[in-house]
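See structure below.
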Amino acid sequence: MMVGHSHVVCRLKHRGPDWSGLYQHEGNFLAQQRLAIVSPLSGDQPLFNEDRTVVVVANGEIYNHKNVRKQFTGAHSFSTGSDCEVIIPLYEKYGENFVDMLDGVFAFVLYDTRDRTYVAARDAIGVNPLYIGWGSDGSVWMSSEMKALNEDCVRFEIFPPGHLYSSAAGGFRRWYTPHWFQEQVPRTPYQPLVLREAFEKAVIKRLMTDVPFGVLLSGGLDSSLVASVTKRHLVETDAAEKFGTELHSFVVGLEIKSLGVKMVLSGEGSDELLGGYLYFHFAPNREELHRETCRKVKALHQYDCLRANKATSAWGLEVRVPFLDKEFVDVAMGMDPEWKMYDKNLGRIEKWVLRKAFDDEEHPYLPEHILYRQKEQFSDGVGYNWIDGLKSFTEQQVTDEMMNSAAQMFPYNTPVNKEAYYYRMIFERLFPQDSARETVPWGPSIACSTPAAIEWVEQWKASNDPSGRFISSHDSAATDRTGDKLAVANGGGHGAANGTVNGNDVAVAIAV
């Protein structure tokens, strides 16, 4: 998606190779590179109302679009099967106060030619990326990627998740105001079936597609549950006739694309919501754990969401993340954090609440060794040799003299080691603007923690290695008894990273 001048549209073509759409009205431009997932034959953008006075470009999936369409039967004539077209009648009826009626992920700009005003909005968590910039002539630019703004804008920034930008009002306002956002500690008791049902609904919603799709499976708990719930739904519904239920393993990225798969489900967000990272073992109390999960979820748009989106969009793929479903987030973040606390004496390992919710002995979702396996770092799949090799390479590329003058070369967000320095040099070549630097989060981290969590353990304050190897529990080869289950630290984690999971007919992707 792009709002600005037409010459920059080509910079985003990788995100939407199926269709290029451009609209111009009195010096205003809306452009879209479409990846066709829903209604591929009729959903080309921009989208218009009946008399073409309201126009919208959107990057998103509106999962409740069929219910919204029913509300406008006879009142609005839909011209496409696109789920994003429902944005138009909602705007015409409710003005700017409709965004919280959308159930999905999105980044969109709507332009009203009648008064030359526009409204832009981004989904609650920031699953879909969006940036906003300002030209020297006062023009406003918006784009799904920063590379479409950095050469034409004097200033640009991240469009904040859960916000709406109104040209009429002249700025941002928050439309997403969940109960957990103020970080008040909830006391709602843990209800396993409620958590399970919310997640199953989140997965099933995301099977809304008219094209072949798959599941990205690392071999860990989160992606395995996504695959398991997906397969159950396909087997138990008419969708099996359309998509089949066979599971096949293959390499992600280009090879997935070459097989015709255009959409993939993934497991991002679970660790942030449920305190799944190993450093959460050291949370001193329920209050600190909850505040840390709040901080992590608020920052997801700059970390895992952005990584997942960029890694798939580079190949013309769409990624969907059930754990970041708005309703599931409300359930997970509304739970008393006492239940998320690691407690060896009570047999609770990390993400015990999720494991217990899907521990169905009569109709198992996953084999025990998957369901109760200890958390592994995502990066462990490539092996420490590769990670150490990168460090060794950057040690050779960055001299001690360069490192000693790092603060002078990079006064903002100064690199703390040679690997960080090397990556920073690459970034600066592509994005030398101050605005670009300010879009990158920074601060000390241990095993994916926020800077605030560094205070939990005194030894963490002295480390400049952000990896999980600094966490003692990660290197443990011991086994812990967790109720009736056996949780094995590092048991099979590296071997499972290739995407094979024994005993439950689950594999890297569903080829449909």
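Overview of results
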item: Leading residue by the ranking (nearest to Gly443 (Cα to Cα)) among those in the range 273-327 that are within 18 Å of the chain's Cα centre (by Cα) and hydroxyl-bearing (Ser, Thr, Tyr); result: Tyr303
item: Number of the condition not met by Glu241 [criteria: (1) exposed (fewer than 15 other Cβ atoms within 10 Å of the Cβ); (2) at pLDDT 90 or above; (3) not in a strand (DSSP E or B)]; result: (2)
item: Among the residues listed as Leu164, Leu149, the single one being closer than 29 Å to Trp180 by Cβ and either among the aliphatic types (A, V, I, L, M) or at pLDDT below 95 (or both); result: Leu164
item: Members of the range 133-144 that are on the phi < 0 side of the Ramachandran plot and surrounded by fewer than 20 Cβ atoms within 10 Å (Cβ to Cβ); result: Trp134, Gly135, Ser136, Asp137, Ser139, Val140
item: Filter pass, Lys201 being surrounded by fewer than 19 Cβ atoms within 10 Å (Cβ to Cβ) and closer than 30 Å to Lys356 by Cα; result: yes
item: Test: residue in the range 401-418 that is loosely packed, with under 14 Cβ neighbours inside 10 Å, charged (D, E, K, R) and either farther than 21 Å from Asp304 by Cβ or not assigned by TED's automatic domain parsing to the domain that holds Leu149 (or both); result: yes
item: Residue in the range 211-220 that is touching a residue at least 24 places away in the same chain (Cβ under 8 Å), of a type in the set (Val, Ile, Thr), in the same structural domain as Pro337 (by TED's automatic domain parsing) and more than 24 Å from Tyr365 (Cβ to Cβ) present; result: yes
item: Meets criteria (touching a Ser or Thr at 6+ places or on another chain (Cβ under 7 Å) and either within 28 Å of Gly27 (Cα to Cα) or buried (at least 17 other Cβ atoms within 10 Å of the Cβ) (or both)) for Asn97; result: no
item: Boolean, Val398 is aliphatic (A, V, I, L, M), surrounded by fewer than 16 Cβ atoms within 10 Å (Cβ to Cβ) and farther than 30 Å from Lys231 by Cβ; result: no
item: Qualifying helices (runs of 4 or more DSSP H) (wholly inside the range 366-428; at least 3 residues being at pLDDT 85 or above and in contact with a helix residue (DSSP H, G or I) (Cβ under 7 Å, 6 or more places away or on another chain)); result: 384-397
item: Residue ID - surrounded by the most Cβ atoms within 10 Å (Cβ to Cβ), chosen from residues in the range 296-347 that are assigned to a helix (DSSP H, G or I) and touching a strand residue (DSSP E or B) at 6+ places or on another chain (Cβ under 6 Å); result: Thr312
item: Matching residues in the range 407-422 - criterion: being in contact (Cβ under 8 Å) with a residue 24 or more places away in the chain and over 19 Å from Ile158 (Cβ atoms); result: Val416, Asn417, Lys418, Glu419, Tyr421, Tyr422
item: The range 264-295: number of residues that are charged (D, E, K, R) and outside any helix (DSSP H, G or I); result: 1
item: Filtered residues of the range 132-182 (kept if part of a loop (DSSP other than H, G, I, E, B) and closer than 19 Å to Asp325 by Cα); result: Pro160, Pro161, Gly162, Trp175, Tyr176, Thr177, Pro178
item: Criterion (outside the structural domain of Tyr277 (by TED's automatic domain parsing) and at positive phi) met by exactly one of Ala452, Ala447; result: Ala447
item: Some residue of the range 439-451 being in contact with a strand residue (DSSP E or B) (Cβ under 8 Å, 6 or more places away or on another chain) and either β-branched (Val, Ile, Thr) or within 19 Å of Arg295 (Cβ to Cβ) (or both); result: yes
item: First in the range 260-287 and outside the structural domain of Tyr342 (by TED's automatic domain parsing), second anywhere and part of a helix (DSSP H, G or I) and surrounded by 22 or more Cβ atoms within 10 Å (Cβ to Cβ), Cβ under 6 Å, 6 or more apart; result: none
item: Residue match in the range 353-364 (condition: outside any loop (DSSP other than H, G, I, E, B), crowded, with 24+ Cβ neighbours inside 10 Å and touching an Asp or Glu at 6+ places or on another chain (Cβ under 9 Å)); result: yes
item: Only one of Gly43, Gly27 that is surrounded by fewer than 16 Cβ atoms within 10 Å (Cβ to Cβ), within 30 Å of Ser139 (Cβ to Cβ) and at pLDDT below 90; result: Gly27
item: Selection count where residues are in contact with a strand residue (DSSP E or B) (Cβ under 7 Å, 6 or more places away or on another chain) and assigned to a loop (DSSP other than H, G, I, E, B), scope the range 76-102; result: 4
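The values are calculated or read from the model by the stated rules, or taken from the named source; none is laboratory data. Worth saying up front: this structure is predicted, and the values here are computed from it rather than measured. Don't worry about glycine lacking a Cβ; one is built from the backbone with ideal geometry, like all the others, and counts go over all protein chains shown.
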